[in-house]
Amino acid sequence: KAQVLTTATGKIRSYDPLTGKLLWEHGGLTRNVIPSPVADQEKVYCMSGFQGSALMAIWLDKVSPALSSTLPAVGHTDRVEPIAWTYNKSTPYVPSPLLYGNHLYFFAGNNATLTCLDTKTGKPLIDAERIEDLQGVYASPLGANGRVYLIGRNGVTVVLKQSDQLEKVASNRLDDRYDAPPAAVGKELFLRGREN
């Protein structure tokens, strides 16, 4: 069933896009949620990083109107458990995560500290590693053509190889400040800075 998923302070909610009816909701996020949820064919990944850290991988086929409009807390015995796994450290405050294949990339807070999890298990492949050259991060990571692009507020773009470890390919600097995420169109990368 098609769903519209949204996150907010303390809640994840799913709505029917045709009627607007609440299908299900689940607690577990921190306050002031900014990162957007991302989903693959099996799970939705919801996270927040203001005054704490929370990340939940939720099975989309185990949360349905047939269960109830409100899901129980983790560990409830009456129903099928919708939470595949959780990870409660180093989650982002502003930037959204990047779901790229079976890799989930995200920053810690607004810092240039990167984590990458295996989406099947929730296990860290890259565990809160500092990305040299980047200073402050508001822009969400971008994945394109086997590469991961990380943009710092200081005008630096670090390019990583999409892999199970931190493999830096390049670092480029522009004379501007960047808060917006990059956009890839064809073979071009568009960056919107404060000045250009």
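Structure above, values below:
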item	result
GNM flexibility winner over the chain from Thr121, Thr157, Thr30 (Cα, springs under 10 Å)	Thr121
Inter-probe distance in nm under a simple model that places probes 7 Å from Cα toward Cβ, at Ser163 and Glu81	3.4
Calculated FRET efficiency for the pair Val185/Asp133, C-beta based, R₀ 35 Å, to 0.05	0.90
Approximate spin-label separation Arg194-Leu22, in nm, with each point projected 7 Å along Cα-to-Cβ	4.1
Straight-distance crosslink candidates among aspartates and glutamates, where the alpha carbon sits under 13 Å from Lys168 and sequence neighbours closer than 8 are dropped	Glu129, Glu132, Asp133
Kirkwood-based shape ratio for the chain, expressed as Rg/Rh from alpha carbons	1.00
Accessible area in the full protein assembly, largest first, 1.4 Å probe, for Phe106, Phe50	Phe50, Phe106
For region 108-169 versus region 170-193, the gap between their alpha-carbon centres in whole angstrom	15
Region 87-196: translational diffusion in µm²/s, Stokes-Einstein, Kirkwood Rh over Cα pairs, 4 °C, 1.567 mPa s	94
Peptide ranges 167-177, 3-13 listed from the most packed, as the mean C-beta count within 10 angstrom indicates	3-13, 167-177
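The values are calculated or read from the model by the stated rules, or taken from the named source; none is laboratory data. Keep in mind the model is a prediction, meaning the values are calculated, not measured. Note: ideal-geometry Cβ built from the backbone for every residue, glycine included; neighbour counts use all protein chains shown. Just so you know, the surface numbers come from the protein's heavy atoms only, side chains and all, with ligands and any DNA or RNA stripped out. Shrake-Rupley method; radii C 1.70, N 1.55, O 1.52, S 1.80 Å.
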